[in-house]
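Colleague: The structure is given below, and queries will be raised subsequently.
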Amino acid sequence: MDTTSDRPPAGGLSGRTALVTGAASGIGLACAEALAEAGAKVYVVDLAAGPAGELAERINGVAHVVDLSDPAAVDSLPTDADIVVNNAGLQHVAPVHEFPPERFALIQRVMVEAPFRILRRTLPHMYAQGWGRVVNISSVHGLRASAFKSAYVTAKHGLEGLSKTVALEGAPHGVTSNCVNPGYVRTPLVERQIAAQSLAHGIPEEEVVERIMLDRTAVKRLIEPGEVAQLALWLCSPHASYLTGASLPLDGGWTAH
Ligand code: NAD
């Protein structure tokens, strides 16, 4: 099969449909906006009905309010996506010996099983047309561990494995699959962590960012969600058709250590 001729129309993604999970906030929201701006119709998938509905209306997309920890709900999502951005995620911080097992299982369901279920149902559509893009929003924690984040680190490493396997299976069908691996991004998820750590350590929030979060990062600032979205968008462009099975650190030099 010729996998180079069937490209998105010049000038963007018009005619393409993108499914973005966790699209109501942070990185997912920025990805949904960037893909819509490039012309794609976006399925806005999120638990949060209000923000998902508002965004869908604003970008002329379609909201799908589902709990991704519910396999039946995941299996009710549309199968005709040309682009899938697996982004939804959550964090829980505790040492392994105190980590609640049900919380661990929930994180694997949302961050590993849901992406698998979404891909097993959307890949046949991508294969049938000889074009597809899978963008997995992983993390530096897909490549490196941090203490007290066992469920998150385990899930992100799992997502890395799924992404590489899909890259191998999808290549003959014009489907690429890659991970984007951000360091700390300025989103509600991280703002909650900054506030919690400021309380826990009794230090101002700026100090949490500078001393704790950016300790291993060479570029001493948080990343903005829009910067992550631009990399996701580029992965959907014709220029990126040879890039697959990769993990792209967007981490200000964290993993250069
Ligand atoms: P966020 O909290 O701002 O947004 C996450 C979105 O996912 C929310 O809209 C939430 O409603 C949705 N979501 C959570 N659980 C869900 C469920 N069960 N069903 C449906 N939707 C659900 O988070 P963010 O910072 O934008 O993170 C997005 C992704 O980026 C996550 O996978 C996260 O691990 C990853 N990431 C974030 C950072 C960071 O620093 N913020 C860094 C690296 C990777």
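Colleague: Could you identify the single residue in 77, 90 that is open to solvent by 20 Å² or more (accessible area, probe 1.4 Å) and of a type in the set (A, V, I, L, M)?
Modeller: Testing whether each residue is open to solvent by 20 Å² or more (accessible area, probe 1.4 Å) and of a type in the set (A, V, I, L, M) leaves just 90.
Colleague: Please pick out the residue among 195, 218, 200 that is at negative phi, surrounded by fewer than 17 Cβ atoms within 10 Å (Cβ to Cβ), without any contact (Cβ under 8 Å) to a residue 60 or more places away in the chain and part of a loop (DSSP other than H, G, I, E, B).
Modeller: Result of the check over 195, 218, 200: 218.
Colleague: Then there's this: Kindly provide the set of residues from the range 84-109 that are closer than 30 Å to residue 175 by Cβ and touching a residue at least 24 places away in the same chain (Cβ under 8 Å), ordered by number.
Modeller: 84, 85, 86, 87, 88, 89, 90, 91, 106, 107, 108, 109
Colleague: Just checking, how many residues over the range 29-59 are within 18 Å of residue 70 (Cβ to Cβ) and open to solvent by less than 20 Å² (accessible area, probe 1.4 Å)?
Modeller: Looking only at that region, the number is 4.
Colleague: Residue 116: aromatic (Phe, Trp, Tyr), more than 26 Å from residue 17 (Cβ to Cβ) and surrounded by 15 or more Cβ atoms within 10 Å (Cβ to Cβ), yes or no?
Modeller: No; evaluated as a whole, the condition is false for this residue.
Colleague: From the list 157, 141, which residue is without any contact (Cβ under 8 Å) to a residue 40 or more places away in the chain and open to solvent by less than 20 Å² (accessible area, probe 1.4 Å)?
Modeller: Criteria check complete, one pass: 141.
Colleague: On the basis of being among the aliphatic types (A, V, I, L, M) and either part of a helix (DSSP H, G or I) or within 11 Å of the ligand (Cβ to nearest atom) (or both), does residue 114 make the cut?
Modeller: yes
Colleague: Out of all the residues in the range 203-214, is one or more modelled with pLDDT under 95, buried (at least 20 other Cβ atoms within 10 Å of the Cβ) and in contact with a Ser or Thr (Cβ under 8 Å, 6 or more places away or on another chain)?
Modeller: Checked against the condition, which is being modelled with pLDDT under 95, buried (at least 20 other Cβ atoms within 10 Å of the Cβ) and in contact with a Ser or Thr (Cβ under 8 Å, 6 or more places away or on another chain), the range 203-214 yields at least one hit.
The values are calculated or read from the model by the stated rules, or taken from the named source; none is laboratory data. Quick caveat, the model's predicted, so the values are computed rather than measured. FYI the Cβ positions are ideal-geometry reconstructions off the backbone, even for glycines, and counts take in every protein chain you see. Heads up: the accessible areas ignore ligands, DNA and RNA and are worked out on the full protein's heavy atoms, side chains in. Shrake-Rupley method; radii C 1.70, N 1.55, O 1.52, S 1.80 Å.
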